[in-house]
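Any read-out appearing in this document is the output of simple, stated calculations on the displayed coordinates, not a laboratory observation. Bear in mind that the values here come from a model prediction, so they are computed numbers and not experimental data. Positions of Cβ are backbone-derived with ideal geometry, glycine not excepted, and every protein chain shown enters the neighbour counts.
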Amino acid sequence: MTEFIKDKPAQPKARLLLAHGAGAGAGSDFMCQLAAQLLQHNVEVWRFNFAYMQRFIDTGKRSLPDKLPLLQQQFSQLIEQCPDDLPLFIGGKSMGGRVASMLGPHSKLRAIFAFGYPFHAPKKQQWRTEHFTALGCKLFIAQGERDAFGNREEIAAQSWPQVTVNWLTDGDHDLKPRVKTGLTQSQLIAQAAQFCSRSIDEVLLANQ
């Protein structure tokens, strides 16, 4: 496992343990932009690489992600390493968010965030939402409207009591809008961070 990459605001209101997606690690441009935006909302971000990604970074030899149970085990171990000085939230981009959502109840966790949840593989109908009916805490999803892993039209017919989806205008799986919209990926990442911050505020207020 890698060491944490920590982005610390002067006055943090919460800590977010943030996992990467399947193909790019904790130091990817997306992850760096997201952490920087969250920092502006006083969210302390601890990024990390799963073991398979750290091996690739260390050796240059790419491999497929480990199986989900092993990724869940690694994530859980990192949760245990987090101190109790701040309210703890977890989440991730795509696969990282899915793994976070599958961890089940944990006394330390306040809520879970997914940035581009992979509801299903593109053009496949096998949904990855079976566990949504048994989530240990609330799941907040920031999703691009035209994400090939689950777009707005597909999700409109679904309902999960513990899940809140925030739609980002014309975004794809990496929250990139088309040029014709006049929007940028950076703007959508900023909106995703704002949604995350608002949701953290709501959870903290509700738990007072």
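Overview of values
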| quantity | calculated |
| --- | --- |
| Label-reachable residues, the stretch 1-22, where backbone N falls under 19 Å from a point 7 Å from Asp85's Cα toward its Cβ | 3-18 |
| Calculated Rg and Dmax of the stretch 87-141 using C-alpha coordinates, Å | 11.2, 38 |
| Phi to ³J(HN,Hα) by Karplus 6.51 cos²θ - 1.76 cosθ + 1.60 over the stretch 22-38, Hz, x for Gly, Pro | 5, x, 9, x, 5, x, 5, 4, 4, 5, 5, 4, 5, 4, 5, 5, 5 |
| Estimated dipole of the stretch 1-115 in Debye, rounded to 20 [Cβ of Lys and Arg +1, of Asp and Glu -1, Cα centre] | 240 |
| Longest segment of the chain lacking trypsin sites (Lys or Arg not before Pro) that sit in a DSSP loop with at most 16 other Cβ atoms within 10 Å | 125-177 |
| ³J(HN,Hα) computed for each position of the stretch 11-21 - Karplus, 6.51 cos²θ - 1.76 cosθ + 1.60, integer Hz, glycine/proline x | 10, x, 9, 6, 10, 10, 8, 10, 9, 8, x |
| Förster-model FRET efficiency, 41 Å R0, Ala22 and Leu205, C-beta, rounded to 0.05 | 0.75 |
| Gain in span if fully extended, Lys8 to Ala156, counting 0.36 nm per residue against the direct Cα distance | 49.7 nm |
| In order through the stretch 73-90: 3J(HN,Hα) via Karplus (6.51 cos²θ - 1.76 cosθ + 1.60), integer Hz, x for Gly, Pro | 4, 5, 4, 4, 4, 6, 4, 5, 7, 6, x, 9, 6, 9, x, 9, 10, 10 |
| Size of the stretch 6-102 as Cα extents on the principal axes (Å, biggest first) | 39, 25, 21 |
| Computed E for Glu130/Phe56 - FRET, C-beta separation, R0 41 angstrom, nearest 0.05 | 0.90 |
